[in-house]
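Input: a single structure, listed below in structure tokens.
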Amino acid sequence: MKALVAGGAGFIGSHLIDALLTEGHDIVCIDNFFIGTKKNIRHLKENPHFQFYEEDLSNFDRILEIFQKEQPDYIFHMAANSDIQASANNPMIEYQNTYSTTFVLLECMRRVGVKNLFFASTSAVYGEQMGAEVSEKAAALEPISYYGGAKLGSEGMISAFSYMNDLNVLIFRFPNVIGPRLTHGVIFDFVKRLKEDSSHLRILGDGTQSKPYIYVLDLVDAIMRFKDTPKGVTLYNVGVETQTSVTRIAEIVCEKMKLEGIPFEYTGGRGGWKGDVPVFAYNLDKIHEAGWHAHMTSDEAVAKTVEMVL
């Protein structure tokens, strides 16, 4: 098939393109390098099955031209502002890069007649659940970050377009994703701070924030396994059963950097910033019953990622 990967120069998107090419598909990648990097797709430059467009995915007229020219069979929507802290002071970032991109892609699909969509959603749509284990059937979807709100709004638009246009849609709600090509986040920040000054480590919040971290190749494996879906919307929580606290991440980073006795200085408070969900737990029964489990635990994913960031 010909797959269009929106946000394909990003951290997750570039790994997904690698997997799709390995499976023998032709790839059209669109990215404006807002978060993604040229480095992530540099190795694909000479691949005859890879076509790249540097475009803003919220530019409807230009994206429609690409759809009409390329006639893709499947859209993988990986484009979003994944740096939640960055949009805390500027909600327009989420409207432009997370919500508008979704509407543009859906309308282009409708006009050109593309029927297959994968959408990268997030655990942030659940909001603050005080550590309660949430399933796909959770009654309350109350995001507390602009990012979570834009993703939930995107899910609603996808539902409507799916019903009105008989689409085949797969939605994954996943937590923090880490691994090679990581560009931001707590691991990235800790390593950077300690390289600049190893006399201490400043940690946002009280350090007890605890979340599941999934290794990027585990996530890509799940996307590849479930990408062929029936008509309508198929939704899965995707993640790991274990969690890693911020303090434990700091300890792993120090261990891997061979730094001993580094004092941790906490800024205090349950969350690291406004909009941060301090503690999160998933119910993964649905995807486990479908036959998929992550290969790495949360701690294993953190340790492996730290090794690659160093």
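The values are calculated or read from the model by the stated rules, or taken from the named source; none is laboratory data. Fair warning: this is a prediction, and the values are worked out from it, not measured in the lab. Neighbour counts are summed over all protein chains in view; Cβ atoms, including those assigned to glycine, are modelled from backbone coordinates with ideal geometry.
Some observations on this one:
- Residue list for region 177-200, restricted to those being at negative phi and either of a type in the set (Val, Ile, Thr) or crowded, with 21+ Cβ neighbours inside 10 Å (or both): Val177, Ile178, Thr183, Val186, Ile187, Phe190, Val191
- Residue match in region 296-310 (condition: in a loop (DSSP other than H, G, I, E, B) and modelled with pLDDT under 95): yes
- Options Ile41, Ile17, Ile35; residue that is of a type in the set (Val, Ile, Thr), surrounded by 16 or more Cβ atoms within 10 Å (Cβ to Cβ) and within 30 Å of Tyr163 (Cα to Cα): Ile17
- So Lys258, is it assigned to a loop (DSSP other than H, G, I, E, B) and free of Cβ contacts under 8 Å to residues at least 60 places away in the same chain: yes
- From Ile63, Ile93, Ile75, residue being over 26 Å from Asn176 (Cα atoms), outside any loop (DSSP other than H, G, I, E, B) and aliphatic (A, V, I, L, M): Ile63
- Test: residue in region 94-107 that is assigned by TED's automatic domain parsing to the domain that holds Tyr146, polar (S, T, N, Q) and in contact with a strand residue (DSSP E or B) (Cβ under 8 Å, 6 or more places away or on another chain): yes
- Subset of region 261-295 (residues that are of a type in the set (A, V, I, L, M, F, W, C), part of a strand (DSSP E or B) and closer than 23 Å to Glu241 by Cβ): Val279, Ala281
- Qualifying positions in region 160-176 - among the small types (Gly, Ala, Ser) and either in contact with a strand residue (DSSP E or B) (Cβ under 6 Å, 6 or more places away or on another chain) or surrounded by 22 or more Cβ atoms within 10 Å (Cβ to Cβ) (or both): Ser162
- Taken together, the criteria exclude Phe52 from residues that are surrounded by 15 or more Cβ atoms within 10 Å (Cβ to Cβ), among the hydrophobic types (A, V, I, L, M, F, W, C), in contact with a His (Cβ under 7 Å, 6 or more places away or on another chain) and within 23 Å of His15 (Cα to Cα).
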